[in-house]
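Okay, structure first, notes after.
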Amino acid sequence: MYGKFGETLRRELDSIREQGLYKEERLLESPKGAEITVGGKKVLNFCANNYLGLASDPRVVAAARKTLDQWGYGLSSVRFICGTTTLHKQLEAELSDFLGMEDTILYAAAFDANGGVFEPLLDKNSAIITDQLNHASIIDGVRLAKARRYIYDHLDMNHLESQLREAADAEFRLIVTDGVFSMDCDPAPLNDICDLADKHQAMVLVDDSHATGFVGPTGRGTPEAFGVTDRVDIITSTLGKALGGALGGFTSGRKEIIEWLRQKSRPYLFSNSVPMMICGAAMEVLRILREDPEPLQKLNSNQRRLRQGLCDLGFTVNKCDHAIIPVMFGHHENDAVMAQGIASDLLDEGIYCIGFSFPVVPRGMARIRLQASAAHSDEQIDRCLAAFEKVGRKHGALG
Ligand SMILES: *Cc1c(COP(=O)(O)O)cnc(C)c1O
């Protein structure tokens with residue numbers, strides 16, 4: 001049987017290669033930091049989710065090592081059999097405290113948190129009202145639930161309201177949104193969303209993966225930024241981005257919701273416990289966030305310096321106060337070719353970033369998505385700007 005199947009896959013693979021959709025993976029030959037080694041060459045990294053620069057922070061590495069020495073490597077169990085340590089409970093309590101939520105349940109990844117949150121909570125009498133551009137893991141998680149599904153146009157509050165009206169006869173309603181959408185850096189207007197939720201008797205779930213730890217005055221995320229922490233019912237997020245960048249995810253929320261998920265959520269019940277090493281490191285990350293304002297301040301000054309610098313050079317940059325900085329080329333002819341060409345030349349100049357074009361983003365919206373990190377120095381930001389000026393000029397992309 002496999003002969004014919006393999007043949008089909010080879011043909012499909014060739015086809016996506018020809019369309020330029022094949023994802024090549026660049027091999028890093030060094031730890032994650034502002035500077036990384038790729039193909040034997042040192043380059044500045046502007047495309048990681050290492051927002052707070054904690055992925056290789058010596059304090060975090062030391063905490064992971066210490067926990068590894070004290071607790072060993074793995075647990076070889078799911079949580080409810082013999083896979084819950086005092087560390088897991090401690091991290092869950094600290095995350096709840098940090099986010100201002102009642103309780104937290106850990107998962108192996110945010111992908112699992114989203115995969116396991118909808119199906120246990122919402123049956124066929126309930127409705128999920130979800131932003132069109134929500135993360136793939138939300139889309140998959142929603143598909144697993146028996147609940148009715150209503151998709152609203154991206155950030156369109158009028159459409160959200162009309163979908164809430166459509167769902168008026170459902171027993172329970174849940175509005176679902178990313179806190180910050182990672183392709184455009186646009187935040188969900190959680191104050192408006194919570195107002196609509198109150199008006200139409202709905203609950204609110206925010207996936208804050210691109211915000212937890214660094215959005216809002218003290219890094220508590222998008223709910224903090226919009227002043228709605230006590231109005232959001234469920235937060236899902238990741239330990240794999242700002243909070244150390246290794247692996248792990250979680251769902252935080254109302255006490256009964258989390259208790260129910262521990263009983264019913266399949267990626268939690270039937271998948272291994274998060275390694276203790278990650279619990280130890282994540283608690284060190286939270287300690288740093290509580291006690292040391294420096295990483296958050298540095299990230300904010302870096303993203304503003306980089307965004308302003310690109311604007312001053314004449315690039316078109318999405319204006320959000322966020323570490324994601326999309327440099328847009330849609331107003332140029334052949335925007336996709338330009339974005340890819342510039343990203344490729346930037347790598348030659350020692351700047352590692354990625355061009356995105358259709359079908360990852362809509363046609364005519366090609367971009368290079370830069371991500372600032374607290375790990376960058378002012379000098380490294382300026383080197384990035386100098387390279388953008390040189391390469392942008394070459395490609396006729398300035399002004
Ligand atoms: C990255 C991301 C995830 C997945 O996080 P993992 O912990 O890596 O599985 C989920 N949701 C959003 C919005 C993300 O950006």
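For the pair SER377 and GLU18, how long in nm is the line joining their label points, each one 7 Å along Cα→Cβ?
Output for this residue pair reads 4.9 nm.
Using modelled amide H (1.01 Å from N, peptide plane; none on Pro or chain starts), what sits under 5 Å from the amide H of GLN371, excluding residues fewer than 5 places away?
Under 5 Å from the amide H of GLN371: CYS47, ALA48, ILE325.
So how strong a dipole does the chain carry about its Cα centre when Lys and Arg Cβ are +1 and Asp and Glu Cβ are -1, to the nearest 20 debye? Please list the in-between numbers first.
Values: 44 positive and 54 negative charges, 170 e Å.
Magnitude of the dipole: close to 820 debye.
Could you check the simple spin-label distance between GLU259 and ASP312, using points 7 Å along Cα→Cβ, in nm with one decimal?
Distance between label points: 5.6 nm.
Run the helix sum for the chain: -39,500 (n - 2.57) per DSSP H stretch of 4+ residues, divided by residue count, reported at 222 nm to the nearest 500 deg cm²/dmol. Mind showing how you got there, number by number?
On the way: 16 runs with 174 residues, N = 399.
Counting only the DSSP helices, I get -13000 deg cm²/dmol.
With only Lys, Arg, Asp and Glu charged, each at its Cβ (+1 for the first two, -1 for the last two), find how big the charge dipole of segment 134-274 is about the Cα centre; round to the nearest 20 debye.
On the way: 15 positive and 20 negative charges, 142 e Å.
Computed about the Cα centre, the dipole is about 680 debye.
Out of the trypsin sites (Lys or Arg not before Pro) in segment 57-159, which ones are loop residues according to DSSP with at most 13 other C-beta atoms within 10 Å?
Values: sites: ARG59, ARG65, LYS66, ARG79, LYS89, LYS124, ARG143, LYS146, ARG148, ARG149; in loops: LYS124, LYS146.
Passing sites in segment 57-159 are LYS124, LYS146.
Short version: ³J(HN,Hα) in whole Hz for each residue of segment 309-318, in order, from phi by Karplus 6.51 cos²θ - 1.76 cosθ + 1.60 (θ = phi - 60°), x for Gly and Pro, what are they?
Once θ is set to phi - 60°, the couplings for segment 309-318 become x, 5, 4, 4, 6, x, 7, 9, 10, 4 Hz.
In segment 183-273, what chymotrypsin sites (Phe, Trp or Tyr not before Pro) fall in a loop by DSSP, with at most 12 other Cβ atoms inside 10 Å?
Values: sites: PHE214, PHE226, PHE250, TRP260, TYR268, PHE270; in loops: PHE214, PHE270.
Those that pass, being in a loop and sparsely packed, are PHE270.
What list of ³J(HN,Hα) couplings, whole Hz, do you get for segment 207-213 from phi and the Karplus terms 6.51, -1.76, 1.60, once you set θ to phi - 60° and write x for glycine and proline?
Running phi through 6.51 cos²θ - 1.76 cosθ + 1.60 with θ = phi - 60° gives 8, 9, 4, 9, 8, 4, x Hz.
Taking amide hydrogens as modeled 1.01 Å from N in the peptide plane, which residues meet the under 5 Å criterion relative to ALA242, leaving out close sequence neighbours?
TYR51
For a quick check of your reading of the filter: which chymotrypsin sites (Phe, Trp or Tyr not before Pro) in segment 42-81 sit in a DSSP loop and have no more than 10 other Cβ atoms within 10 Å?
In loop regions of segment 42-81 (DSSP not H, G, I, E or B), the sparsely surrounded chymotrypsin sites (Phe, Trp or Tyr not before Pro) are TYR73.
At a Förster radius of 30 Å, what calculated FRET efficiency corresponds to the Cβ-Cβ distance of CYS47 and SER77, to the nearest 0.05?
Details: r = 36 Å, r/R0 = 1.20.
Efficiency at R0 = 30 Å is approximately 0.25.
FRET efficiency for GLU35 and HIS331, Cβ-Cβ distance as r, R0 = 35 Å, nearest 0.05?
On the way: r = 32 Å, r/R0 = 0.93.
Efficiency, from the Cβ-Cβ distance: 0.60.
Hey, what's segment 58-291 come to in accessible area per residue, 1.4 Å probe, Å²?
On the way: 9810 Å² over 234 residues.
Here the per-residue accessible area is 42 Å².
Could you derive backbone 3J(HN,Hα) for segment 259-275 from the dihedral phi with the Karplus parameters 6.51, -1.76 and 1.60 (θ = phi - 60°), listing whole Hz in sequence and x where the residue is Gly or Pro?
4, 5, 4, 4, 7, 10, 7, 5, x, 7, 6, 10, 9, 5, 5, 4, x
Which percent of the accessible heavy-atom area of the chain goes to carbon and sulfur, probe 1.4 angstrom?
C and S atoms contribute 52 percent here.
Mind checking which lysines have their Cα closer than 22 Å to the Cα of LYS89? Skip sequence neighbours fewer than 8 apart in that chain.
LYS89 reaches LYS66, LYS241, LYS255, LYS264.
State the antiparallel share, in %, of DSSP beta bridges confined to segment 58-291, rounding to the nearest 5. Mind showing how you got there, number by number?
On the way: 12 of 29 bridges.
The antiparallel fraction comes to roughly 40 percent.
For the modelled label position 7 Å from the Cα of ARG266 along Cα-to-Cβ, which residues of segment 116-140 have backbone nitrogen atoms closer than 17 Å?
Answer for this model: 116-124, 137-140.
Give me the one-decimal nm value for the distance between modelled label points at ASP198 and ARG26, 7 Å along each residue's Cα-to-Cβ direction.
Going by the 7 Å Cα→Cβ label model, 4.7 nm.
As an exercise, use a Förster radius of 45 Å and the Cβ-Cβ distance of ARG290 and PHE5 to find the FRET efficiency, rounded to the nearest 0.05. Provide the component values of the computation, followed by the final result.
Details: r = 53 Å, r/R0 = 1.18.
For R0 = 45 Å, the calculated efficiency reads 0.25.
The values are calculated or read from the model by the stated rules, or taken from the named source; none is laboratory data. Predicted, not measured: the structure shown is a model, and the values here were computed from it. Ideal geometry is used to build each Cβ from the backbone, glycine not excepted, and the neighbour counts take in all protein chains shown. To get the accessible areas, we keep the full protein, side chains included, count just its heavy atoms, and leave off ligands, DNA and RNA. Shrake-Rupley method; radii C 1.70, N 1.55, O 1.52, S 1.80 Å.
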